[in-house]
Every structure is written in C-alpha cells, then in structure tokens.
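**Student:** Okay, here's the structure, questions in a sec.
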Amino acid sequence: MRSRTYQWAVWLLFFIAAVITVSCFSLSVGSFFIPFKNIVAAILHRKSCAEHVILFDVRLPRILLAFAIGGSLALSGVILQGVFRNPLVEPYTLGISGGAAIGVCLNIVFHLNRWFGILSLPVCGFLGALFVAAFVYSLSVKKGVLKIQGLLLTGVMISFISSSLIMLIMAVSRAEDLHGIVFWIMGSLEEPNNALILLSLGVSIVGLILSYLFCISLNALALGEEEAMHLGVNVERSKRFLFIIASLLTGFSVSIVGIIGFVGLVIPHCMRMLVGRDHRILLGSSFLGGAVFLIICDTLARTIITPVELPVGVITGLVGGSAFVYVLTRKQIPLKGK
Amino acid sequence: MLCIRGLGCGYYGRQILWDINLEVPAKEIVGIIGPNGSGKTTLLRTISRLLKPKEGSIHLDGKDIWQIKCGELARKIAVVSQGSPEETLTVEEFVLLGRIPYFEGLQFLETNHDFEVAKECMALTDVLRLKDRPIGRISGGERQLALIARALTQEPALLLLDEPTTYLDIAHQVGILDLIKRLNRKMGLTVLMVLHDLNLASEYCDRIALLSEGRVHIQGTPQEVLNYKVIEEVYKTVVVVEKNPVSSKPYVLLVSEDEREKRKKKL
C-alpha cells in the first residue's frame, strides 16, 4: 500500500503536466498562431508587441478562467456524486444553475445591467443560485437531518420549474433581450473583467482546499450514511458543508460563464476509472482533469471555425459525451466501478 | 461495560422500545433474541447512536454515549450491520476504512500502524488472502468476515453485530461465531449481537436477552431463558427444548403443524 501513495503522486504530477501542456498549446493556437519559442520570448522580454497583447490580454485570461471553471464544476460534480452516492448527479441537477439563469434573465429583461453596470449580471446570477440552493436545502432539512434523497428530488423539480420560468421570461421579452439571454445560457469563457477571473480562480482553489477537509468523510459516506456514522464521521456536518461547497462552486461558475454542461458529470466518471474511488486522489484529479478538459474544449471552440467562435457548451457536450459513450461501450466498465 | 436504563425510543412518533434495562458486562458475549419486529435491531441502532432515545439512558463505561464525541465512540464501539458495502472497493481498502476514527484533524494518509492493524485484522478473520479482490466478487460468508475485519480494525472494546449469520450456510455460521468467541476469549472483546437462531444463541452466548414487543421479556443465562414455556409464550409457536448432547446447553426443536395434529389425535 506504500505504492498506492506513489501512484497517487504520479497521477497528480501527470495531471499538473497535462494542465501545463494544454495551456501552452492553447496559448499558441488561435486565429493568429504563435510558436512556442515566441511565447517564451514574449514572457521574458515583457515588451508590448502584438504577440504580448494577444497572449496576456486575450488568451491567458481565458485559459485561467477555463482552469477555474472546469476545476470548480468537476469538483462540484465529484462532491455531489459522493454525497448522493449516485453517479448520475451533476452540479446542475440541484437546480442551482436554474436559479442563476433566472437571476441573469431577470437582470437582462429589466435592464439592471444598464443601471448597475455589466458586473450586475454575475451578481444577479450568483444571488439566484444562492437563493435556490438555500431554498432546496431548507425544504430538505427535517429535524436537523438533511434528507439527501429529498434534496435530490426537490432539486430536480426546482430545475424544471426554473427552466419553465426562463421560457416564460423569454416568451415575453423583446428580441434584443432574447438574444442576450440565449447568448448567456449557451455559456462562454469570454470574460473581459480580469478581477472576476482572479476571483473565480481564488474561489475554485479555496473550494478545492475546503473539500479536502472532508475527503475522509466522503470515503466513509461511500458506505452509506449509517456506516459512516459508525466510523465516527459527523455525517450531518459533512453533508451540510459539502453541499455548501458544491453549491458555491456551481453558483459561482454558472454566474460568471453561463451554463457549460457535461464537465461535472463526465470528468468525475473518467477520473474514477483512471485513479480509483478514493476521494483523497479523486478530488484533486477531478479538479485538474476538469480544468484540462475545459481548456481543450475552449481552445477547440475558438479555433475550429475561426474567426467565428462556437459556444463552448457545444464542444463539451459533443467531445465529452461521445468520448464517454465510447469508453463505456468499449471497456464494458460498470457505471460505478473503476 | 454497557448499561442501559429505562430506555424507550422509536421512529416518527411510533414508540418501539419501552423501558429496556440491560447490562452488558465486560468480556462477555450477550445475545439479543426475539421475534421479528420485537425491536432487536432498533435496540442495536440506539446503542450505536443512530437513534436518539426518548427516555432513559445508555452508559458506556459510566459515560452517557451522547456525551461522547463521534470519533471517540467509534474507537470504543464497532458495528457489523447487515448492509451490503460498496462493491468496487477491494477488501483491503474496505477494511482500512475502519481506521477512520483514528485519523487526526488534518491527516490524509494512513500511517504504517494503520496498515499493520488492518493486516492483522484481516489475518485474524482469514480474509488476508482476498485483500486485493473487490468486495462484490467474494462470497457472502467472506463478505461477512470482511465486515468483521473492518469492525476489528476500529480496535473497539465493544462489538455490536446485527444477525451476523443470516444467509450463511451452517459451516459459515459456526465459523463466524467461533471467530467471535475466539476474539472474546483471546482479546477480551465484549460482544452484543442480535441473533435469530435460538440454538446458536444458546451455544455461543454467555447471557441472552429475549425481547418481546419492545420490552425485555426475560434475560439471563441460556438455561434460564430458553425453556419451552417462555419461548412458546413469546414466539406463539410450539417447541420442545432438549439438552444438546455435546454441550449440554438448551436446544430448541420445532414442531410442525402435522405433528401437532397427530399429537392431538393421540391424546
């Protein structure tokens, strides 16, 4: 079992290397190709040539955002799947994305962004997400016990309700607002505000660190809540904190980049196949794996038919979904197993 | 060691246990028997703190169990329940989970000592040879052994078992209970177990508590508890109690309807 620790270290190094590799790749490709040695030169000389501007003002922020969002969504997915002991749960199952979407839609329809500036969009989205998360949570707490199955069902219902509400808003809104709503829902990693990007980086990393405080609890929860209690795990506290961490990560991601599907569902599954079911490695590798996946997808989205940019959600769905189906059917792996 | 006084509890307003008084002395094997629905499992769940008692108290070594911290309790009481564990874990990974109560605040990896304890417990329960097999791919008897190995890895003073012999063949039933008896003798482990099989309870338990409709009907040595009057009264079925010729413990024989009819005619 000593070897297990080495194995985990190798996996982590592998994923970190993968993040660096795909970031370099993503830095160099685009409508204007920059060879790798020019990147190094641009970093070293810090001169404000065209390459420098493209690298640091256009491509690097997107990569950082993709890293943060991909990591957050995959981490949130792996946490929720662990808490619910259900491999089909993903960050959007609980209606948090629906809440964020309603917040943003209302903002667009009532033109709040004209009065309070463009930053009010993510703020409204985040408030919507928080509101739904708190609502779903409070509906599922009975006598201080968080009923996990109830939480799941209410979450799914809230998602349906919120997508109906969004349709309602879309039906009564004007054409130019409609465009904004559709554009937002499709999701994009284009984010002009650097402070938001740094904030999302910070949130995702803090989320990762906090989730590691509960990795042992997550391992015990895999046996069921009662067995986890027998092992001395404070199950209620763990469930509550894990739910809060996952909600905040999801709400934050959705309110900044819109709805980018599939990362939170597929990445945890793939990681379970690769590194096993132990959350001590699963949390970190899912985070890094999600980051790599979203950086790749975003690079594809902006390069496939340049200069037009595809919605990144299209790429994550197509690439992630088909790769996942391929792997599942080829290797005959049980859905839950490694 | 474990002392239950005036315990009453239930789920969702429906009371299941009434005024339970039970003493589990250190280093003894105590069996809980009783008909289906008499509250055996509920009693075990209350002791393992899954259920909060409505009245009465449960003391472990003189301390109320609700005053003990989760982690500390898990180092004292280990539970072998009937649940089917996560199927893709290997036996060793599964057994190692029993060390969770010993993790310090920010400890993420098992220490060498943890690995050693797990290995020892797997050796004791004879599952060491299966350590790399997934739990889903071993037989029911082996799985029960793995569950016991995990509980032992917690290094508890008191072991609670919920029907450890269900679904097992006679060889495995005897194997599991022999193991428990050995652990009791050699390591001084106190055992409280729910058993369905009256004869196994008679063979292996130092003391037996018979539950009936949520109350302790009678408790004492197997000889005191297992006589045909008591059993017929509680289980509402006709039995004959003989002496086991090998161990001279009580042995409960069942009587079928046909035989009962025949007897009636003869009389």
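Just so you know, all these numbers are worked out from the coordinates, no wet-lab data involved. Keep in mind it's a predicted model, so treat the numbers as computed, not measured. Positions of Cβ are generated from backbone atoms using ideal geometry, with glycine treated the same way; all protein chains shown enter the neighbour counts.
**Student:** Could you work out how far the C-alpha centroid of the range B:128-158 sits from that of the range A:277-313, in angstrom?
**Tutor:** After rounding, the separation between the Cα centres reads 40 Å.
**Student:** A follow-up question, please. Name all residues of the range B:198-213 having a backbone nitrogen under 16 Å from the label point set 7 Å from the Cα of B:Glu259 along its Cα→Cβ direction, giving them as ranges.
**Tutor:** B:198-199
**Student:** From the Cα gyration tensor of the range B:213-261, with a ≥ b ≥ c the square roots of its eigenvalues, which class applies: rounded if a/c is under 1.5, or else prolate if a/b is larger than b/c, or else oblate?
**Tutor:** Details: a/c = 3.38, a/b = 1.09, b/c = 3.11.
Cα axes put the range B:213-261 in the oblate bin.
**Student:** In whole angstrom, note down how far apart the Cα centers of the range B:211-246 and the range A:172-196 are.
**Tutor:** Between the Cα centres of the range B:211-246 and the range A:172-196 lies a distance of 75 Å.
**Student:** Let me ask you something else. If the limit is 23 Å between Cα atoms, which of B:Lys229/B:Lys262; A:Lys143/A:Lys239; B:Lys181/B:Lys236 go over it?
**Tutor:** Numbers: B:Lys229/B:Lys262 21 Å; A:Lys143/A:Lys239 15 Å; B:Lys181/B:Lys236 31 Å.
From B:Lys229/B:Lys262; A:Lys143/A:Lys239; B:Lys181/B:Lys236, over 23 Å: B:Lys181/B:Lys236.
**Student:** Could you derive backbone 3J(HN,Hα) for the range B:93-108 from the dihedral phi with the Karplus parameters 6.51, -1.76 and 1.60 (θ = phi - 60°), listing whole Hz in sequence and x where the residue is Gly or Pro?
**Tutor:** In residue order, the calculated couplings are 4, 5, 5, 4, 4, x, 8, 3, x, 9, 5, 7, x, 10, 8, 10 Hz.
**Student:** Once phi is turned into θ = phi - 60°, what whole-Hz ³J(HN,Hα) does the Karplus curve with 6.51, -1.76 and 1.60 give for every residue of the range A:105-116, x standing for Gly and Pro?
**Tutor:** Computed from phi, the couplings for the range A:105-116 are 4, 4, 4, 5, 5, 8, 6, 4, 5, 6, 7, 9 Hz.
**Student:** Over the range B:118-198, calculate the relative contact order: mean separation of alpha carbon pairs under 8 Å at least 6 apart, over the residue count, as a percent.
**Tutor:** Working: 70 pairs, mean separation 25.2, N = 81.
Relative contact order for the range B:118-198 comes out at 31 percent.
**Student:** May I pose another question? When the chain is fully extended, how far beyond the present Cα-Cα distance does A:Met167 get from A:Leu88, taking 0.36 nm per residue of separation? Mind dumping the intermediate values first?
**Tutor:** Numbers: separation 79, 0.36 × 79 = 28.44 nm, distance 2.52 nm.
Result for the pair: 25.9 nm of gain on full extension.
**Student:** Applying the Karplus parametrisation 6.51 cos²θ - 1.76 cosθ + 1.60 with θ = phi - 60° to the phi angles of the range A:236-244, what ³J(HN,Hα) value in whole Hz is obtained for each residue in order, glycine and proline being reported as x?
**Tutor:** Using θ = phi - 60°, the values come out as 4, 5, 4, 4, 4, 5, 5, 4, 5 Hz.
**Student:** Shifting gears a bit: Report, in debye and to the nearest 20, how large the dipole of the protein assembly as shown comes out about its Cα centre when Lys and Arg carry +1 and Asp and Glu carry -1 on their Cβ. Intermediate values should be presented prior to the final figure.
**Tutor:** Details: 60 positive and 50 negative charges, 43 e Å.
Using Cβ point charges on Lys, Arg, Asp and Glu, the protein assembly as shown gives about 200 debye.
**Student:** Give me the percent relative contact order of chain B, please, defined on Cα pairs under 8 angstrom at least 6 residues apart.
**Tutor:** Details: 480 pairs, mean separation 63.7, N = 267.
This gives 24 percent for chain B.
**Student:** What residue among A:Ile54, A:Ile79, A:Ile166 shows peak mean-square fluctuation when chain A is described by a Gaussian network model with Cα springs under 10 Å?
**Tutor:** A:Ile54
**Student:** Find how many whole Å separate the alpha carbon centroid of the range A:30-89 from the alpha carbon centroid of the range B:25-104.
**Tutor:** Centre-to-centre (Cα) distance: 48 Å.
**Student:** Determine the shape class of the protein assembly as shown: with a ≥ b ≥ c the square roots of the Cα gyration tensor eigenvalues, call it rounded for a/c under 1.5, and otherwise prolate if a/b is greater than b/c, oblate otherwise. Provide the component values of the computation, followed by the final result.
**Tutor:** Working: a/c = 2.90, a/b = 2.18, b/c = 1.33.
Here the protein assembly as shown falls in the prolate category.
**Student:** Within 10 Å of each Cβ in peptide A:218-227, how many partner chain Cβ atoms are there on average? Round it to a whole number, please.
**Tutor:** Across A:218-227, the average partner-chain Cβ count within 10 Å equals 5.
**Student:** Another question about this same structure. Please state, to two decimals, what the Cα-based radius of gyration of chain B comes to when divided by 2.2 N^0.38 Å (N = residues). Walk me through the numbers on the way to the answer.
**Tutor:** On the way: Rg = 19.8 Å, N = 267, 2.2 N^0.38 = 18.4 Å.
With N residues counted in chain B, Rg over 2.2 N^0.38 Å equals 1.08.
**Student:** Where does the charge balance sit around B:Leu44 when Lys and Arg score +1, Asp and Glu -1, over other residues with C-beta under 14 Å from its C-beta?
**Tutor:** Details: positive: B:Lys40, B:Arg45, B:Arg49; negative: A:Glu226, A:Glu227, B:Asp162, B:Glu163.
Every neighbour counted, the sum reads -1.
**Student:** Counting pairs of alpha carbon atoms under 8 Å apart in space and at least six apart in sequence, what relative contact order in percent does the range A:197-334 give? Please list the in-between numbers first.
**Tutor:** Details: 96 pairs, mean separation 31.6, N = 138.
Relative contact order for the range A:197-334 comes out at 23 percent.
**Student:** Let me ask another. What is the packing order of peptides A:291-301, A:183-193, A:238-248, taking the mean over residues of other C-beta atoms within 10 Å and listing the highest first?
**Tutor:** The most tightly packed comes first, giving A:291-301, A:238-248, A:183-193.
**Student:** Net charge near A:Leu310, counting Lys/Arg +1 and Asp/Glu -1 over other residues with Cβ under 13 Å of its Cβ? It would help to have the intermediate numbers written out before the result.
**Tutor:** Working: positive: A:Arg302; negative: A:Glu190, A:Asp298, A:Glu309.
Spelling it out: positives minus negatives among the neighbours equals -2.
**Student:** Next question, about the same structure. Have a look at A:Gly321, A:Leu146, B:Tyr102 and report the one farthest towards the positive end of the charge dipole of the protein assembly as shown, computed about the Cα centre with Cβ charges (Lys/Arg +1, Asp/Glu -1).
**Tutor:** Positive-most Cα among the choices belongs to B:Tyr102.
**Student:** Using only the Cα atoms of the range A:2-331, build the gyration tensor, take square roots of its eigenvalues as a ≥ b ≥ c, and label the shape rounded, prolate or oblate: rounded if a/c is under 1.5, else prolate if a/b is larger than b/c, else oblate. Spell out each step's value before the answer.
**Tutor:** Details: a/c = 1.90, a/b = 1.15, b/c = 1.65.
The shape class here is oblate.
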